[in-house]
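As structure tokens, the structure follows; a few thoughts come after it.
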Amino acid sequence: MKTLSTLMFANSYSELATSLGMSVIPQPLDQPYLVHFNPLVAEKLELDPAVVLDTRFIEIFSGNKILANMSPLAMKYSGHQFGQYNPDLGDGRGLLLGEVITSTGKKWDLHLKGSGKTPYSRMGDGRAVLRSSIREYLASAAMAGLSIPTTHALAIIGSQTSVIRENVETAATLVRVAESHLRFGHFEYLFYTGQHQELQQLADYVIEHHFPELASAPSPYASLFKQICQRTAAMIAAWQAVGFAHGVMNTDNMSILGLTFDYGPFGFIDDYEPSYICNHSDYSGRYAFDQQPAIGLWNLSAFGYALTPLLNKTEIDDGLEHYQHQLQQQYSHNMRQKLGLTIADESDTQLFSELLQLLKQYKVDYTLFFRTLSQVRIDELPHGEHHFNALFQCTLALKTWLACYQQRLQLEPDTRQRLTTMRQHNPKYILRNYLAQQAIEEAEQGNYQLIEQLMTVLAHPFDEHEDVEKLAQLPPHWGKHLEISCSS
Ligand code: AMP
Ligand code: MG
């Protein structure tokens, strides 16, 4: 187990093209204090969880001190925001502090979000508010608990530094941990600035560090693109199945490893509404929940175009086709798991769509519907609509669907494990917007109890947690359709 004294950093990213970043020293926060620490993330880094008790921990991760061997760097990238190319992006309020290498040789980037101004800050102050840091912290733990690929967060540090958003708020930092912070936008930047040699070097770097098995493939770059298409498909299929809307799927927020990345005004769906828009600045609904699969394709097309110095058109088209096929396959697979189906049948798509239609029509809580269904035995199904009384105003239409579902289950070779496996794929606890909001309001008063409780249940969202059963309840009326500011 490493301590702060034995924590060493590699800086392989900074050995790439110098145009890919600039060295920047973090700007200190005033009177920093620990808000929360995630020992599960420390474990990934092989870091002794007792590091949080070391007084240097807060100093380092509030930008007041850097460790020997750390060489903080603001990454340069660009990207398409809401469909428009923006050449001026980059780490405007975060720094790559260094790369931690574990005993098995795995690389983890340590990134400090909210660390002050950089050459890419444009008009911004380089800061992150406590509110948005808590949202990212909870969301990354929630996704990890759901086994959805994501970046992680080691800790949040609060401070007395004031920042101005809609109101005056306090600044915080989030210690982000990810296998890589490379985005589609890194490649777009090198492509649009004509740095095509550097682009190839970056692709080689990604293969070397993240897809070493592709180095010996007949066309390594085409295989790399295809792999990234596949990872993106798996990520978005998982979002659609769990009811997660990212909210800002700009290409600078798309990870080359298919990690859910850069949590902003995201939202988990309460009542099922496919056109749900979680980002209230997204006037056209470009990033609405049901648009995410198509936006994934759009983003991969933009990424593929940026790879044209390395790929021909057929290779790009193959990757994009692979994405569409994989997304469909993965989504069907995930939905089957939610329904306890172990074999594929051609009637399944209709079964899913009729169910989703019902959930939409009756504005039913998506998570609780599936969790409740995970409690109803096969023999109970035809008369089982009373189980759903709390979720449906009228269960008559549901009755018909339950009968179809029971019939479909007859095709299964073995249904003895059905309820157990369904409960392993249908979370009881999700990070509902109102819960995140309550946790934020309490934390702003110095009370971190709800963050603590949420971190416990979100790490194991499929288990029962009897002492905090309330966190699995339907949202109160005020907690539905909360408008989440995209300021952060
Ligand atoms: P985001 O919407 O968080 O993905 O950010 C988009 C771009 O704006 C990135 O290049 C960020 O680094 C930058 N940015 C966002 N907020 C700030 C801020 N408060 N100060 C400086 N740059 C920022
Ligand atoms: Mg971003």
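Things worth noting here:
- Cleavage-rule hits (chymotrypsin sites (Phe, Trp or Tyr not before Pro)) in segment 51-135: DSSP loop, at most 15 neighbouring Cβ within 10 angstrom: Phe82
- Counting only protein heavy atoms and a probe of 1.4 Å, the accessible surface of segment 185-337 is 49% carbon and sulfur.
- Rounded to 10°, Cα long-axis angle of helix 449-459 versus longest principal axis of the chain: 70
- Applying both filters, DSSP loop and at most 11 other Cβ atoms within 10 Å, to the trypsin sites (Lys or Arg not before Pro) of segment 408-478 gives Arg416.
- Carbon/sulfur fraction of accessible area - segment 9-181, other protein chains in place, 1.4 Å, %: 53
- In degrees, nearest ten, helix 292-306 long axis to first principal axis of the chain (Cα): 30
- Principal-axis analysis of the Cα atoms of the chain puts helix 220-242 at an angle of about 50° to the longest axis.
- If the Kirkwood radius is taken over C-alpha pairs of the chain, then at 10 °C and 1.306 mPa s the Stokes-Einstein diffusion coefficient equals 67 µm²/s.
- Solvent-accessible surface of segment 109-179, taken per residue with a 1.4 Å probe and all protein chains present: 28 Å².
- Förster radius 30 Å - calculated FRET efficiency between Gln438 and Ser162 (Cβ-Cβ, nearest 0.05): 0.80
- Pairs beyond 25 Å (Cα-Cα), from Lys76/Lys107; Lys65/Lys107; Lys2/Lys65; Lys226/Lys338: Lys226/Lys338
- The label-point distance for Thr104 and Gln393, in a model that sets each label 7 Å from Cα toward Cβ, rounds to 5.1 nm.
- Annotation: the antiparallel percentage among DSSP beta bridges lying fully within the chain is about 95.
- Both radii are taken from the alpha-carbon atoms of segment 185-337; with Rh as the Kirkwood radius, Rg/Rh is 0.99.
- Inverse of mean 1/r across different Cα pairs in segment 9-181, Kirkwood, Å: 16.4
- Sparse-neighbourhood loop sites, GluC sites (Glu not before Pro) in segment 429-476 - DSSP loop, at most 16 other Cβ within 10 angstrom: Glu464
- Taking Lys and Arg as +1 and Asp and Glu as -1, the other residues whose beta-carbon sits under 13 Å from that of Glu198 total -2.
The values are calculated or read from the model by the stated rules, or taken from the named source; none is laboratory data. Every value quoted in this text rests on a predicted model; they were computed, and no experiment measured them. Cβ: placed from backbone, ideal geometry, glycine included. Neighbour counts: every protein chain shown. With ligands, DNA and RNA removed, areas are computed over all heavy atoms of the protein, side chains included. Shrake-Rupley method; radii C 1.70, N 1.55, O 1.52, S 1.80 Å.
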